[in-house]
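To start, the structure under review is shown below, and the notes come after it.
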Amino acid sequence: IFALNFNSGFFMVNFNGTLVDNTANSLAENRGFLLGDAVFETFKIVNNRILFLEDHYFRLMSSMRILRMEIPMNFTMEFLEQQILELIQINEIEDSARVRMTVFRNSGGFYLPETNEISYLIQSSELKSNQYILNNDRYEVDLFKDYYVTKQLLSSIKSTNKAVQIVGSIFAKENDLQNCLLLNDSKNVIEALNGNLFMLKDGKLTTPPISEGCLNGIMRKQILSIVKKMNVEVVEEIISPFDLQKADELFVTNVIQGIQSVTKYRKKDFTNEFATKIINELNQQFVLI
């Protein structure tokens, strides 16, 4: 379903130097494009199965409620699953796939929408492996200090407003870094550009609490659960920039990659022994079943 409501009549717009009817270009009144009035979820598919489907579904519903979008009556978890699996089957990528679902408010209005009804777009692409594989290549990070993430509920949802992550990614490329770590408005470290951050120090695993402004990550939740079962102390506590150079391991988590170990932060090199144990547990519990 990709529905757009055009309430402003037929007007011409200039698209890349060509005058076209506004109804001929789906971007002309798309609130997700014009105002970032959208949220999204990224799913990993393994052997025709959506990993962590329930967690994704409830996070999506929560995000839509926070933005006061109207949730259709048929928007059940079973409906969502059917829509995603149908797409990857048609594209013949059931073994291993990445799926993104973007939900946006229907067109109409300016800052104040004319409706809270929604439409959605589901996209899919093939992944090389259906298992989580730890990348042992050089992975150097540093702090991104040009812009900060605010400590608020909106920072914890997956909205399409990712300007900080985009500019941070450009900064990382320009400085030959593989990633950057983001700071909140209290100048505490909260996450990486593309996932949650974990720090291992003296046998204790730490990740910033959601209240600090980090994403409420699906893989973050799985890692917390796995580590607790391993009888390892795990806490949700503030991480300062000074803590990073005292760490034994740093790693970044997201649903698609699983775990990415950091090999270097400034002058400090890190191991990945603990991350290796966790990624093996991930595959045993969720992928190889």
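Side notes on the structure shown:
- VAL235 modelled with pLDDT of 95 or more and in contact with a Leu (Cβ under 7 Å, 6 or more places away or on another chain): no
- For region 234-248, a tally of residues being hydrophobic (A, V, I, L, M, F, W, C), within 11 Å of VAL189 (Cβ to Cβ) and surrounded by 15 or more Cβ atoms within 10 Å (Cβ to Cβ) returns 4.
- Residues that are of a type in the set (D, E, K, R) and exposed (fewer than 15 other Cβ atoms within 10 Å of the Cβ), drawn from region 249-273: ARG266, LYS267, LYS268, ASP269, GLU273
- Where a residue in region 123-139 is under 26 Å from LYS264 (Cβ atoms) and open to solvent by less than 90 Å² (accessible area, probe 1.4 Å) and its partner, wherever it lies, is of a type in the set (Val, Ile, Thr) and in a loop (DSSP other than H, G, I, E, B), with Cβ under 8 Å and at least six apart: TYR139/VAL262; TYR139/THR263
- Of the residues making up region 140-185, those that are among the small types (Gly, Ala, Ser) and either open to solvent by 20 Å² or more (accessible area, probe 1.4 Å) or more than 24 Å from ALA247 (Cα to Cα) (or both) are SER155, SER156, SER159, ALA163, SER169.
- Among the residues of region 156-188, the ones that are closer than 11 Å to GLY213 by Cβ, touching a residue at least 40 places away in the same chain (Cβ under 8 Å) and in a strand (DSSP E or B) come to 1 in all.
- Residue match in region 186-205 (condition: of a type in the set (Asp, Glu) and open to solvent by less than 30 Å² (accessible area, probe 1.4 Å)): yes
- Of the helices (runs of 4 or more DSSP H) lying entirely inside region 1-101, the ones with 2 or more residues being modelled with pLDDT of 95 or more and open to solvent by 40 Å² or more (accessible area, probe 1.4 Å) are found at 53-66, 77-90.
The values are calculated or read from the model by the stated rules, or taken from the named source; none is laboratory data. Keep in mind the model is a prediction, meaning the values are calculated, not measured. Using ideal geometry, Cβ is built from the backbone for each residue, glycine included, and neighbour counts are taken over all protein chains shown. In case anyone asks, the SASA skips ligands and DNA or RNA and just uses the protein heavy atoms, side chains included. Shrake-Rupley method; radii C 1.70, N 1.55, O 1.52, S 1.80 Å.
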